[in-house]
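The values are calculated or read from the model by the stated rules, or taken from the named source; none is laboratory data. Since this is a predicted model, take the numbers as computed values, not measurements. Glycine also receives a Cβ, built like all others from the backbone with ideal geometry; neighbour counts cover every protein chain displayed. With ligands, DNA and RNA removed, areas are computed over all heavy atoms of the protein, side chains included. Shrake-Rupley method; radii C 1.70, N 1.55, O 1.52, S 1.80 Å.
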Amino acid sequence: MCSSDLILAGVADRLIFGPGDEFYARGNWPNEEVEAFGIFRKGDVYLDPETREVLGFEAREVGSARVVEQDDGVYTMTMTSVKEDVRLGDRLLPTEERRVESTFYPSPPKEQVEGAIMTILGGLTQVGRNDVVAINRGALHGLEVGNVLEVSKSGRLTRDRISRELIELPSERAGLLMVFRLFDKMAYGLILETEEPIQVGDRFTNPR
């Protein structure tokens, strides 16, 4: 999305929009024939928990709209659905540019991959089956769409009753996730199964 792909103003001078409301927008979209758009707002920062590198920003979908007419680069659009209140300054993206693969062929990664869950989409603290997570590994680490990864929880700390030394117990399998959308340094994964709640910071690796 470029800096100009946004909602400029409401036709009825509104600040917040709902289904059926019309608004003006402008954008630099290569295909001017596209009529359906998703409306997005910047969400979480994807920060690698290991290196602290910023890997990206979440684009949270808040609604959808379609083009009514276009005049000299300014589009008149009407809201078709909302998930949250849509506001001035929210961003637009043609739906053709955000298609996600609908057919997957589950497979283990061809290379050894290890990493951590960065965030859970939807603002959850723990996830279960069919929830979506963002992970800190991507195409540059050898991942492909359809790769299945095993999620583990760090072993609990316990104290040796004789020496009083703290001992970390072995990690425990927590579930499986499958990569369904891939970027260079990160990916989105769908939780396929859980044996206990999965949370931010849990580790993943090739399935055993």
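Examine the range 111-119 for a residue that is without any contact (Cβ under 8 Å) to a residue 60 or more places away in the chain, part of a strand (DSSP E or B) and either at negative phi or not aliphatic (A, V, I, L, M) (or both), and state whether such a residue exists. No - not one qualifying residue is present in the range 111-119.
Here Arg173 clears all of (1) over 22 Å from Leu55 (Cβ atoms); (2) in contact with a Phe, Trp or Tyr (Cβ under 7 Å, 6 or more places away or on another chain); (3) in a strand (DSSP E or B); (4) not polar (S, T, N, Q) except the condition numbered (2).
Quick one: count up the residues across the range 76-95 that are touching a residue at least 24 places away in the same chain (Cβ under 8 Å) and not in a strand (DSSP E or B). Selection size over the range 76-95: 6.
Can we say Leu157 is at pLDDT below 95, of a type in the set (A, V, I, L, M), over 22 Å from the mean Cα position of the chain (by Cα) and open to solvent by 30 Å² or more (accessible area, probe 1.4 Å)? Yes, satisfied. If you go through the range 16-75 and keep only what is assigned to a loop (DSSP other than H, G, I, E, B) and of a type in the set (A, V, I, L, M, F, W, C), you end up with Trp29, Val34.
Within the range 66-97, the set of residues being of a type in the set (A, V, I, L, M, F, W, C) and open to solvent by 20 Å² or more (accessible area, probe 1.4 Å) comprises Val67, Val68, Val74, Val82, Leu88, Leu93.
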